[in-house]
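Here is the structure we will look at.
The values are calculated or read from the model by the stated rules, or taken from the named source; none is laboratory data. All values reported here derive from a predicted model rather than from experimental measurement. Note: ideal-geometry Cβ built from the backbone for every residue, glycine included; neighbour counts use all protein chains shown.
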Amino acid sequence: MADRGFLLGEEMAQKGVKLIKPPNMTRKSKNRKSKKEFTAREEVATKSVAAVRIYVEHVIGKVRNFQILDNKVELLSLPILPDMIFVASCLHNFTKCYIGKKPLADATEQSKD
């Protein structure tokens with residue numbers, strides 16, 4: 001899951017990673033002063049991705065709150081920072097699950113179109 005401005009979609013696809021991001025705004029007409037609007041399908045896709053993204057943001061916040069990541073990281077610890085984040089993420093997997101299966105399935109289906 002990424003923001004609209006994420007530019008590495010092709011590289012991710014080459015590695016077999018499925019990228020889910022909200023659709024970009026499109027102009028209703030070619031007139032530069034016309035409003036940018038989502039189509040009905042894009043609006044549903046945006047809402048679906050946003051519904052799941054809330055959970056992702058909450059998890060990122062909870063992982064950051066692990067004591068080892070809650071403070072400034074010393075320069076000497078920088079090489080092991082990815083491992084620290086990985087361990088904190090794994091530990092988070094043992095906590096209570098706050099997401100159901102339906103929102104993610106909806107967002108995935110909408111991103112296919």
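Just to verify a result, which residue in the stretch 10-27, among those that are surrounded by 12 or more Cβ atoms within 10 Å (Cβ to Cβ) and either over 22 Å from His58 (Cβ atoms) or over 17 Å from the mean Cα position of the chain (by Cα) (or both), is modelled with the lowest pLDDT? So, considering only residues that are surrounded by 12 or more Cβ atoms within 10 Å (Cβ to Cβ) and either over 22 Å from His58 (Cβ atoms) or over 17 Å from the mean Cα position of the chain (by Cα) (or both), the one modelled with the lowest pLDDT is Arg27. Considered as a group, the residues in the stretch 72-95 that are surrounded by 10 or more Cβ atoms within 10 Å (Cβ to Cβ) and among the polar types (S, T, N, Q) include one that is farthest from Val56 (Cα to Cα), and that residue is Ser77.
Can you tell me which of Val56, Val73, Val63, Val44 is part of a loop (DSSP other than H, G, I, E, B), modelled with pLDDT of 65 or more and not polar (S, T, N, Q)?
Values: Val56 fails: part of a loop (DSSP other than H, G, I, E, B); Val63 fails: part of a loop (DSSP other than H, G, I, E, B); Val44 fails: part of a loop (DSSP other than H, G, I, E, B).
Checking each option against the conditions leaves just Val73.
Give the residue, chosen from Glu109, Glu37, that is at pLDDT below 85 and over 20 Å from Met1 (Cα atoms).
Working: Glu109 fails: over 20 Å from Met1 (Cα atoms).
One residue alone meets the criteria, Glu37.
Restricting attention to the stretch 39-53 and to residues that are without any contact (Cβ under 8 Å) to a residue 60 or more places away in the chain and closer than 14 Å to Ile20 by Cα, the residue that is farthest from the chain's Cα centre (by Cα) turns out to be Glu42.
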